[in-house]
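None of the figures in this text is laboratory data; all of them are computed from the coordinates on show. Bear in mind that the values here come from a model prediction, so they are computed numbers and not experimental data. Reconstructed Cβ throughout: ideal geometry from the backbone, glycine too, with neighbour counts over all protein chains shown.
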Amino acid sequence: MILTIDDLVIPVKHSAQRKTMQLTVDRDSSLLLTAPPSATTEVLEGFVRSKLSWVYQKLAEKALMYKSIRPKRFVQGEGFLYLGRSYRLNLIEQPAVPLKLYHGRFHLAKSNQENARQLFISWYVEKGTAWLEAKADEFKSRLAVEFSSVKVRDLGYRWGSCGKNQTLYFHWKTILLPAKIAEYVVVHELSHLIEPSHSSEFWLCVERAMPDYKERKQWLAEHGMDVEGL
C-alpha cells in the first residue's frame, strides 16, 4: 500500500506485531509507515498529517548533510576515517601490501591510485569483520543471545541488519564511525535477535545492554552521514 500526502510518497507496511503506528525517515530520505493491520486509510493519513512538521524537518536536515559531503580524493594528505579518527594518506612507490595503516598513516602505492577506492573498501571489510564480531561477542551475554556469524558488506543506506539463521550484517562504513557509535550499531542488531521490530520492548533490550544508547543513537542520527565521502 502507498500513501500520497501532499508531495510525499509513503509505503505502508502492515505488521501484526505492531500495536501503534510508526513513521520513519531512512538515511536516503525515503519514508516508511509501519502500522497494525487494523489501521484504516483514514487513520493512516491522519497520523502522517500530524507528523508533517517533523517529517519536513528531518528531510531538510538530510538534504543539508548531503550537500556537505565531499567525495574523497586519493591524493597525498587526504584524510580517511577508521573508528572515528582521521588518518592521512601517504603515497609511496613500492609498498609491501597494496594498502596498509601504520605509524598513524594509510600507505598506498601510487600505482594503485586508480583502484584505491576498492582497496579501501576491502581493507574496511577485513578490519570491520574482525572488530564487529569481537564486539558482538562482547555484548551478546548482556542480552543473553547468540549469533551465528558476522558479515560486512555494502548495505546501501542501512548500518546493519539481522538476517536469517542469526546472521548479523553490517555496512562496511560502520568501521568508520567512532568506536562507541559502532558499538551501538552492534547492540542494535543483536537486540533484533530478540525483537524484530522497533517496539518499546526492542528499545528496552537495547537499554539493558547499553544504558546510554540514546546519546549514541542521537549522535549517529546527526553525524552518521559524515562518513559518506568515500
* To do: Please tell me the relative contact order of region 40-139 in percent, rounded to the nearest whole number, where contacts are Cα pairs under 8 Å and at least six residues apart.
  => 15 percent
* Under 26 Å Cα to Cα from Lys13, which lysines show up? Leave out anything in the same chain fewer than 8 places away. => Lys51, Lys58, Lys62, Lys164, Lys214, Lys217
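Taking every DSSP beta bridge that has both residues in the chain, what percent is antiparallel when rounded to the nearest 5? Kindly include the intermediate steps, with their values, before the conclusion.
On the way: 19 of 32 bridges.
Close to 60 percent.
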* Structure fact -> Here the FRET efficiency for Lys127 versus Val9, based on Cβ atoms and R0 = 30 Å and rounded to 0.05, is 0.20
* Which angle between 0 and 90 degrees, to the nearest 10, do you get for helix 116-143 versus the longest principal axis of the chain when only C-alpha atoms count? -> 50 degrees
* **DSSP beta bridges in region 2-67 [antiparallel fraction, %, rounded to 5]** => 75 percent
* To do: Run down the lysines and flag those whose C-alpha is under 26 Å from the C-alpha of Lys110, throwing out any fewer than 8 positions away in its chain.
  => Lys72, Lys100, Lys127, Lys173
* Gyration tensor verdict on region 163-230 (Cα atoms; rounded if a/c is under 1.5, prolate if a/b is larger than b/c, oblate otherwise) -> oblate
* Report which label in (i) 52, 34, 29; (ii) 66, 43, 28; (iii) 40, 39, 36 holds the value of Cα extents along the principal axes in Å derived from the coordinates of this structure. => (ii)
* Asked: If you take the beta carbon distance between Lys151 and Ser29 as r and set R0 to 35 Å, what does 1/(1 + (r/R0)^6) give as a FRET efficiency, to the nearest 0.05?
  -> 0.85
* Taking every pair of alpha-carbon atoms in region 2-67, what share in percent sits in each 10 Å bin, from 0 to the bin with the longest distance? -> 20, 53, 23, 4, 0
* **In region 145-195, GluC sites (Glu not before Pro) in a DSSP loop with at most 14 other beta-carbon atoms within 10 Å** => Glu146
* Structure fact -> Listed residues His14, His198, His103; largest mean-square fluctuation, Gaussian network over the chain with Cα springs below 10 Å, found at His103
* What residue among Val186, Val48, Val206 has the largest mean-square fluctuation in a Gaussian network model of the chain, using Cα springs under 10 Å? -> Val48
* If you find the alpha carbon centre of region 178-192 and of region 19-57, how far apart are they in angstrom? -> 25 Å
* Structure fact -> Candidates Ile175, Ile121, Ile92; GNM for the chain (alpha-carbon contacts under 10 Å) flags as most fluctuating Ile92
* Asked: Relative contact order, percent, of region 156-230 when contacts are C-alpha pairs under 8 Å separated by at least 6 residues?
  -> 28 percent
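State, as an integer percentage, the relative contact order of the chain based on alpha-carbon contacts under 8 Å between residues 6 or more apart.
Result for the chain is 15 percent.
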* Placed amide H near Leu81: partners under 5 Å, 5+ positions off or other chain -> Tyr87
